[in-house]
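Structure first, commentary second.
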Amino acid sequence: MTIGPLEGVILQTLKKLSEITGNYGIAIILLTALIRIIILPLTIKQEKSMKKMRDIQPEIDKLREKYKDNPQEMQIKMQEIYKKNQVNPLAGCLPLFIQMCIFITLFRVLNNANSIPNDATFLWFNLKQPDALVKLPFTGIFSAINIFPLLNTVVTFFQQKMMSTGTQDSNPQMKTMLYTLPLVILVMTYNMPSGVSLYWFTSSLLAVIQQFFIMKGRNN
């Protein structure tokens, strides 16, 4: 597998961090923290955009009710409200897009035979294999109990819960995402290399901590 430019940067960073820490798992955790720090300005911008969305949500709800039989007109009116309040509904997607790019890149790095050593471990698991704690007596996607994908599901749920506070009751899409996104993450990451799951878990956990302090600062 050919290593691309971004993959090369990630790989070299992991190697440097592993030389410092003596462990590739700790290197992944530090890499994740570094990425969260780099995209922190975007995260703050995302929070501001979501706050604006929460502020105009009552207007959006009225439009949905008024134009429920005329979707085209409803979209036009909604765009007018977004423009008037200088809100971009897609502005909050950029941090997630960056995280997904890193996620895919790290997946490719860990699947490259010449990237990190095949015996690279963290705690009890090999970083290039799923972190199976217990093998189950059947085949399929859930043929073992993999810890980090399960933890990812729980953390992602709380992350969505925090981000949708005040909107999920009036916004059916947010309420749907609250339950569907964690399940998508569970299925998507369940049998991936544990190094990727470790990255996603650490990133989600740091995101929850960031969100807590952002919301705390907003309420003070």
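The values are calculated or read from the model by the stated rules, or taken from the named source; none is laboratory data. Fair warning: this is a prediction, and the values are worked out from it, not measured in the lab. Cβ: placed from backbone, ideal geometry, glycine included. Neighbour counts: every protein chain shown. Remember, those area values only see protein heavy atoms, side chains included, never the ligands or the DNA or RNA. Shrake-Rupley method; radii C 1.70, N 1.55, O 1.52, S 1.80 Å.
Rolling a 1.4 Å sphere over the protein heavy atoms, what is the accessible area per residue of the chain, to the nearest Å²?
Details: 12530 Å² over 220 residues.
With the other protein chains kept in place, the chain gives 57 Å² per residue.
How far apart, in nm, are the 7 Å Cα→Cβ label points at residue 138 and residue 38?
4.2 nm
List every residue whose amide H lies under 5 Å from the amide H of residue 133, counting only residues 5 or more places away in sequence or on a different chain, with H placed 1.01 Å from N in the peptide plane.
145, 146, 147
Note down the relative contact order for the chain as a percent, whole number, built from C-alpha pairs under 8 angstrom at least six residues apart. Could you put the intermediate results ahead of the total?
Numbers: 227 pairs, mean separation 54.4, N = 220.
Averaging sequence separation for qualifying contacts and normalising by length gives 25 percent for the chain.
Hey, what number do you get for the chain at 222 nm if only DSSP H runs of n ≥ 4 count, each worth -39500 (n - 2.57), divided across all residues, to the nearest 500? Can you show the working numbers first?
Details: 8 runs with 152 residues, N = 220.
Taking each H run of at least 4 residues, the total per residue is -23500 deg cm²/dmol.
Could you pull the Rg and Dmax for the chain, using just the Cα atoms, both in Å?
Just the Cα atoms of the chain yield Rg and Dmax of 20.2, 62 Å.
Under the rule that an exposed site lies in a DSSP loop and has at most 14 other Cβ atoms within 10 Å, name the longest stretch of the chain with no chymotrypsin sites (Phe, Trp or Tyr not before Pro) of that kind, not counting the sites themselves.
Values: sites that count: 124, 138, 142.
Free of exposed loop sites, the longest segment is 1-123.
Find the relative contact order for region 1-127 and round it to a whole percent, using C-alpha pairs within less than 8 Å whose residues are 6+ positions apart.
Details: 81 pairs, mean separation 46.3, N = 127.
Reported as a whole number, the value is 36 percent.
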